[in-house]
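Notes follow once the structure below has been shown.
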Amino acid sequence: MESLVTCHHPRPIEFPLQMPDQAFGASEARIRHRPVSVLWRKIFVFGTSAALTAWTTWEMYGVLGISSLTLLEWALLFIFALNICWVCFAFVNAVVGFCAALAALRAKDCAETPDISGARTAIVFPIYNEEVEHVFATVLATAELLSGAPSQFECFILSDTTDPETALCEEAGFRKLQAKAPPDVAIRYRRRVINAHRKAGNIRDFVTRWGGRYDYMLVYDADSYMSRAAILELVEAMEASPRAGLIQTIPQLVGARTLFARVQQFASALYGPVLGHGIAWWAQKEGNFWGHNAIIRVSALAEAAGLPVIPGRAPLGGSILSHDFVEAALLRRAGWNVEIRADIEGSYEEGPPTLIDHTVRDRRWCQGNMQHMAVLARVKGLSFTNRFHLINGIFSYLASPFWLLFITVGLFLSLQNSFLVPEYFGEGASLFPTWPVIDSERALRLFVVTMAILFAPKLLSLVYGWLNRDWRQKVGLGRTTLGVFSELLISVLMAPILMATQTAAVISVVLGRDSGWSPQARGDGHYTFATIMRQSLFPTLLGIVLTVAAVIISPIYAAWLAPATVGLVLSAPLIWLTSLPSAGGAARRYGGIVTPVELTAPACFEQAVKARSTFAGLQPDRLSALLVDRERQQARADLVDPFWPLQQQEVHTPLATARARSERASSVQEFLSRLSREETMAILNSTNDLHAMSFRFGSLRKPG
């Protein structure tokens with residue numbers, strides 16, 4: 001096998017692994033013995049959550065049940081029970097996570113460091129129409145960080161780009177990478193010619209063609225960053241645990257400038273460790289995968305996690321979008337451990353800059369999580385814990401329409417009691433009417449308890465921040481406290497908007513609308529007034545309707561509902577304000593919304609930002625020039641992947657159409673003007689066709 005550190009060809013010699021589709025049925029699936037977890041931890045977390053849910057639901061029944069419950073009151077009680085169970089679980093997870101996080105602050109790992117000199121690790125960068133300047137700078141910075149590491153690393157760019165201009169920029173950017181990269185960390189590049197099954201298919205193509213070259217692969221997103229220490233610690237952890245199939249870190253957000261992004265970054269830095277330690281404590285070897293900033297044993301993924309296509313059409317059928325949850329569950333089903341390591345520091349990512357960008361990404365995630373209902377119904381042999389991960393992901397989106405339904409049923413109940421003539425006497429004989437009354441004193445007590453359960457994770461995280469040396473020394477007790485309450489205020493205003501957008505996303509999936517696939521927006525997300533108004537139309541109208549209905553019932557009732565309606569009514573100005581970098585800067589200066597990582601930026605992030613200037617002003621080839629210049633074609637030929645995954649006699653329609661257009665065109669300009677984006681990409685991905693076309697157009701004058 002060729003050397004991993006001396007070959008710098010864009011694509012190394014293939015060393016394929018078989019990655020068969022996994023059988024969903026238990027009789028066909030390969031299910032191994034699973035290591036026994038500490039059962040009492042799960043019993044404690046789920047038992048306590050269930051008990052707390054039962055108590056709060058009983059209290060709600062007592063609020064409504066002074067007399068016999070009406071149909072609307074039963075509906076309200078049922079929806080409340082569904083919603084509060086998720087809140088109670090989050091509370092219990094935060095409590096155990098708080099204790100585990102405090103223990104981690106005091107713990108000292110004295111374990112012997114394993115020898116990783118023989119480990120071969122690919123750091124893979126799956127990209128799709130991303131900004132070349134942004135991503136390739138991260139690749140270069142990562143390679144430089146790993147130069148001289150006590151292990152063998154390669155960076156492998158797995159492009160699924162379908163935009164011709166971006167593809168040509170990637171080729172120019174890769175040439176710069178080759179010139180700048182350290183000699184002992186090879187950087188590879190492969191652009192798929194047929195983008196089947198999206199990101200999961202992109203990774204699968206890598207595994208089935210080159211997976212045998214590597215022991216592990218560390219999966220990055222286009223906006224991921226990891227420190228050298230974190231990468232080495234992940235490899236060491238895999239070497240020390242032969243049954244580990246996947247180890248997931250908990251990335252913190254970095255690089256925020258807008259107010260929205262800064263609030264998300266603060267929450268991930270302070271609340272993330274508490275929630276992450278909670279999941280790691282009870283899930284143990286049955287953790288989850290979030291798609292990036294995780295290391296995977298390549299042989300385990302190939303053996304156990306080949307994803308089949310869900311029968312039916314998108315959005316609920318077809319390729320699995322949220323592949324990560326399913327892959328983690330299949331790895332566990334095959335006997336591999338999946339761990340969440342909240343103690344590994346130095347894992348980072350960038351978040352969406354605005355609520356609009358967050359909503360676009362959230363819509364895709366919503367569709368992926370809704371697909372998990374079909375996975376739960378079809379896949380046999382999954383452990384309870386992995387099924388819970390899938391259910392929790394589904395409910396993270398269903399919770400929004402359920403809360404909106406709870407508010408709506410409450411409004412109807414109040415309207416009925418205020419204006420409609422109720423049927424106090426049933427069809428049978430009755431001496432006394434059934435009065436629709438509630439226990440107001442008990443209702444107030446339940447409201448206080450519910451708010452305490454809801455906000456306790458943030459307060460526990462605040463205490464964690466006080467006790468954490470980084471927060472105490474870099475941010476300070478006062479600024480940390482101010483930051484929590486500032487974040488809380490903004491989150492309370494934004495939460496109803498997110499409830500409305502997630503409800504719209506769920507409705508869209510139910511109606512059969514496919515989200516498609518688009519790259520995440522980077523930068524500061526400047527949007528026009530018209531775009532903001534269009535995006536905020538549904539939340540604004542919803543807020544107005546709820547406010548008017550509440551005022552009709554009672555001004556006091558409207559005041560109680562205000563925390564949910566004010567943010568909805570003001571969604572347009574809130575979306576605009578939170579998208580401003582100037583508002584983010586003000587929040588840092590006066591609101592305390594700042595994190596230790598921001599005050600002392602990690603080297604992996606700083607080096608990546610600095611390296612962006614290397615790729616600024618790229619001058620990629622133009623297709624018009626390539627069509628008449630065979631020397632340019634030859635210079636880029638090694639960057640084009642010759643592998644076309646077509647069946648015998650199968651025709652790639654865009655390429656065939658482009659060939660036909662070239663035969664009828666009388667000039668290069670006419671030919672290019674008639675090509676679609678898919679046809680243009682097909683030509684760029686076929687060196688033979690591009691070369692053949694150059695003979696036809698070579699005699700024409702090169703365009704200026």
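Any read-out appearing in this document is the output of simple, stated calculations on the displayed coordinates, not a laboratory observation. Computed from a predicted model, the values in this text were never measured in an experiment. Cβ: placed from backbone, ideal geometry, glycine included. Neighbour counts: every protein chain shown.
Taking amide H as placed 1.01 Å from N in the peptide plane, residue 289 has its amide H under 5 Å from the amide H of 328, each at least 5 places away in sequence or on another chain. Just add up the charged neighbours of residue 251: K/R +1, D/E -1, any other residue whose Cβ is under 12 Å from the Cβ of residue 251. Summing Lys/Arg as +1 and Asp/Glu as -1 gives -4. Hydrophobic long helices, here whole DSSP H runs in the chain with Kyte-Doolittle means of at least 1.6 and Cα atoms spread over 30 Å or more along the helix axis, are found at 71-106.
With Rh defined as the Kirkwood radius, the inverse of the mean 1/r over Cα pairs, the Rg/Rh of the chain is 1.00. In terms of the mean number of neighbouring beta-carbon atoms within 10 Å, the peptides 38-48, 401-411 order highest first as 401-411, 38-48. Using the Cβ of residue 585 as centre and a radius below 9 Å, the other residues enclosed give a net charge of +4, where K and R count +1 and D and E count -1. Please report the spacing between the Cα centers of region 311-337 and region 527-604 in Å, no decimals. So the two Cα centres are separated by 35 Å. For region 153-158, backbone phi angles converted through the Karplus equation (6.51, -1.76, 1.60; θ = phi - 60°) give residue-by-residue couplings of 10, 9, 9, 10, 7, 9 Hz, Gly and Pro being listed as x.
Calculate for the chain the 222 nm mean residue ellipticity that helices alone would give, adding -39,500 (n - 2.57) per DSSP H run of length 4 or more and normalising by residue count, nearest 500 deg cm²/dmol.
That comes out to -19000 deg cm²/dmol.
Gyration tensor analysis over the Cα atoms of region 623-697 returns equivalent ellipsoid semi-axes of 19, 17, 10 Å (largest first, whole Å). If the chain linking residue 178 and residue 531 were pulled fully straight, counting 0.36 nm for each residue of separation and taking away their Cα-Cα distance, it would gain 123.0 nm. For the chain, lysine pairs with C-alpha atoms less than 29 angstrom apart, excluding pairs fewer than eight positions apart on the same chain, total 19.
Each Lys or Arg adds one and each Asp or Glu takes one away; over the other residues whose Cβ falls under 10 Å from the Cβ of residue 185, this sums to -3.
Suppose R0 equals 45 Å. What FRET efficiency, 1/(1 + (r/R0)^6) with r the Cβ-Cβ distance, do residue 647 and residue 441 give to the nearest 0.05?
0.05
For region 566-704, the alpha-carbon coordinates run over 66, 41, 39 Å along the three principal axes, in decreasing order. For region 135-273, the convex hull spanned by the alpha carbon atoms encloses 151 Å³ per residue.
Quick one: in region 289-367, what % of C-alpha pairs are over 19 Å apart? That fraction is 52 percent. The simple Förster model, with R0 at 45 Å and r as the Cβ-Cβ distance, assigns residue 656 and residue 113 a FRET efficiency of 0.20. Name the residue farthest towards the positive end of the dipole of the chain from the options 488, 155, 179, assuming +1 on Cβ of Lys and Arg, -1 on Cβ of Asp and Glu, about the Cα centre. Comparing the listed Cα positions along the dipole, 179 ranks first. Classified by the C-alpha gyration tensor, region 527-568 has a prolate form. Its axis ratio a/c, with a ≥ b ≥ c, is 1.5 or above, and a/b is larger than b/c.
Taking packing as the residue-averaged number of other Cβ atoms within 10 angstrom, the listed peptides 220-226, 611-617 run from highest to lowest as 220-226, 611-617.
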